[in-house]
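Okay, so here's the structure we're looking at.
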Amino acid sequence: MHARSPVPPALPPLFHTSRPLFRHGLRSMQPAMAKLYFHYSTMNAGKSTVLLQAAHNYRERGMAPYLLTARFDDRAGAGRIASRIGIEAEADTFDTRDDLFARLEARLAQGPVACVFVDEAQFLTEDQVWQLARAVDDLNVPVMCYGLRVDFQGKLFPGSATLLALADEMREVRTICHCGKKATMVIRQDSSGQAVTDGAQVQIGGNETYVSLCRRHWRAATAT
Ligand SMILES: [Zn+2]
């Protein structure tokens with residue numbers, strides 16, 4: 001019997017894809033054209049986990065990622081991206097008033113950034129998605145946005161709608177409904193577990209919870 005040949009360790013994916021980092025191979029070190037990516041999902045699919053793993057893969061190779069997440073209060077600067085499975089990383093924050101092209105330009109002036117990661121990208125404004133697209137095109141930095149596609153009423157978030165329109169590449173981060181089908185929708189539940197069908201698109205600090213469902217079970221829960 002032959003001894004089994006050792007299996008070479010798999011390299012971690014940088015972009016969750018087999019695409020080469022450099023278009024002409026590593027030897028020429030000519031960077032590929034940067035792209036705007038949109039990783040969309042429903043609630044609790046693990047998109048922050050996917051983001052943090054991808055950012056970690058860059059750090060492991062000595063390349064600097066730049067992490068951004070939405071800010072919901074007046075504390076400027078330091079934020080945190082945390083995943084439900086317990087990993088987390090520090091992140092810079094944005095709110096709707098920030099010019100993200102200017103932000104990325106200033107960050108790049110301080111040193112190289114291999115990739116920009118934006119969590120809670122559904123909270124970007126339409127203008128901010130265009131600012132990120134300009135940064136991709138004019139500053140040649142890849143930008144990977146992670147966000148929810150639709151709200152609890154089944155409507156696109158403005159940031160997600162613009163990302164769906166502008167992104168060069170889109171990936172779905174999948175999760176499943178209790179029935180086993182892919183979950184694409186989310187319900188907002190009040191403290192008694194009842195599905196709520198009206199209210200603000202963004203609600204911070206309430207007692208509501210969110211459950212991801214397939215469309216059929218979302219329709220049953222919301223009587224739609
Ligand atoms: Zn279902």
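The values are calculated or read from the model by the stated rules, or taken from the named source; none is laboratory data. Worth saying up front: this structure is predicted, and the values here are computed from it rather than measured. No Cβ is skipped: glycine too gets one built from the backbone with ideal geometry, and neighbour counts run over all protein chains shown.
Overview of values
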quantity: Residue that is nearest to the ligand (Cβ to nearest atom) [pool: residues in the stretch 149-162 that are surrounded by 20 or more Cβ atoms within 10 Å (Cβ to Cβ) and small (Gly, Ala, Ser)]; calculated: Ser160
quantity: Single residue of the stretch 188-200 satisfying the filter (surrounded by 13 or more Cβ atoms within 10 Å (Cβ to Cβ) and assigned to a loop (DSSP other than H, G, I, E, B)) that is nearest to the ligand (Cβ to nearest atom); calculated: Thr197
quantity: Filter result (hydrophobic (A, V, I, L, M, F, W, C) and at pLDDT below 95) within the stretch 29-50; calculated: Met29, Ala32, Met33, Met43, Ala45
quantity: Breaking point among (1) hydrophobic (A, V, I, L, M, F, W, C); (2) within 26 Å of Gly62 (Cα to Cα); (3) assigned to a loop (DSSP other than H, G, I, E, B), for Ala109; calculated: (3)
quantity: Residues of the stretch 209-224 satisfying the condition of being surrounded by 14 or more Cβ atoms within 10 Å (Cβ to Cβ) and near the ligand (Cβ under 10 Å from one of its atoms); calculated: Ser212, Leu213, Cys214, Arg215, His217, Trp218, Ala221
quantity: Residue count, the stretch 163-184 (criterion: away from the ligand (no atom under 16 Å from the Cβ), outside any strand (DSSP E or B) and within 20 Å of Ser48 (Cα to Cα)); calculated: 4
quantity: Some residue of the stretch 198-214 being under 19 Å from Thr96 (Cβ atoms), more than 19 Å from the chain's Cα centre (by Cα) and polar (S, T, N, Q); calculated: yes
quantity: Long-range neighbours under 9 Å by Cβ, at least six apart or interchain, first residue in contact (Cβ under 8 Å) with a residue 40 or more places away in the chain within the stretch 78-106, second surrounded by 13 or more Cβ atoms within 10 Å (Cβ to Cβ) and β-branched (Val, Ile, Thr); calculated: Arg84/Thr49
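Conditions tested, residue by residue: (1) β-branched (Val, Ile, Thr); (2) out of contact with any strand residue (DSSP E or B) (no Cβ under 6 Å at 6 or more places or on another chain).
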residue	(1), (2)
Met144	no, no
Ala183	no, no
Thr197	yes, yes
Ala220	no, yes
Thr224	yes, yes
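Condition check ((1) in a strand (DSSP E or B); (2) within 16 Å of the ligand (Cβ to nearest atom)) across all residues:
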| position | (1), (2) |
| --- | --- |
| Val116 | yes, no |
| Gln128 | no, no |
| Leu132 | no, no |
| Val186 | yes, yes |
| Asn207 | no, no |
